[in-house]
Amino acid sequence: MSKSSSVAVIGAGGHAKVLLSTLRALGYTAITLYDDDSCKWGRDILGAPVAGPIVEVRRGRHELGVIGIGDNSLRRHLARRIQLAWLPLVHPAAYVHPSVELGAGAVVFAGAVVQPETVVGSHVIVNTGATVDHDCTLESFCHLAPGVHLCGGVCVGEGALLAVGSSAVPNVRIGAWATIGAGAVVVEDLPNEVVAVGLPAKPR
């Protein structure tokens, strides 16, 4: 797809700013934001206009879209509700090995590293400075916050959130919609929907 293609960014908060900077670094110029916060309508964010509420994206006739919202459940809801060609993004200052599978709408931000044979699902966020070693699986809608580090063979379930600075030893599975606290270290499999904190990470 041409870098002159029209791109819709869903959301106009802090996460959307990082998406915008990534789109600009990749050479995209025709970018419009949509957000349900009426205080943002008519404003410019990093030179891109906020056109109106999210429902208005249908009138924009955009060729591409990306969801600029960090909340995993809301990102899933919007991906199912809005019909767009979801654009995967890799910042030029990130490293993603050519063997990596990158799903629709997935984003890899500056300073991140994704190593060989990793599978990154749809609408996954690999945030600033996060590292993912070989043979990992990041299921759709999960979010690795800044500074997360995964050793080889880790599986992160759908919608899971790994907070800033958390990490996982090789070959563990983190369950779907689990939350791993900031700085926690996962050393064993964790079930779905658990909240785990500490070193080592334990359900609370």
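The values are calculated or read from the model by the stated rules, or taken from the named source; none is laboratory data. Model, not experiment: these values are computed from the prediction. Virtual Cβ from ideal backbone geometry, glycine too; neighbours counted across all protein chains shown.
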(message) When you check Leu19 against the structure, is it buried (at least 21 other Cβ atoms within 10 Å of the Cβ) and over 15 Å from Asn127 (Cβ atoms), yes or no?
(response) no
(message) Here are the criteria: (1) crowded, with 17+ Cβ neighbours inside 10 Å; (2) outside the structural domain of Thr32 (by TED's automatic domain parsing). Tell me which single one Ala110 does not satisfy.
(response) (1)
(message) If I filter segment 22-43 down to residues being closer than 17 Å to Val107 by Cβ and not hydroxyl-bearing (Ser, Thr, Tyr), which single residue comes out as surrounded by the fewest Cβ atoms within 10 Å (Cβ to Cβ)?
(response) Gly27
(request) Can you give me the number of residues within segment 38-51 that are in a loop (DSSP other than H, G, I, E, B) and either under 21 Å from the mean Cα position of the chain (by Cα) or hydroxyl-bearing (Ser, Thr, Tyr) (or both)? (result) 1
(request) Identify all residues within segment 52-76 that are at pLDDT below 95 and in a helix (DSSP H, G or I); write none if there are none. (result) Val55, Glu56, Val57, Arg58, Arg59
(request) Would you mind finding the one in Val120, Val107, Val132 that is among the hydrophobic types (A, V, I, L, M, F, W, C) and over 19 Å from Leu64 (Cβ atoms)? (result) Val132
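So that you can scan it fast, the table gives a plain yes or no per residue for (1) at pLDDT below 95; (2) of a type outside the set (Gly, Ala, Ser); (3) over 22 Å from Ala16 (Cβ atoms); (4) within 11 Å of the chain's Cα centre (by Cα):
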| residue | (1), (2), (3), (4) |
| --- | --- |
| Val96 | no, yes, no, no |
| Pro116 | no, yes, yes, no |
| Val119 | no, yes, yes, no |
| Ile125 | no, yes, no, yes |
| Gly147 | no, no, no, no |
| Leu161 | no, yes, no, yes |
| Ser167 | no, no, yes, no |
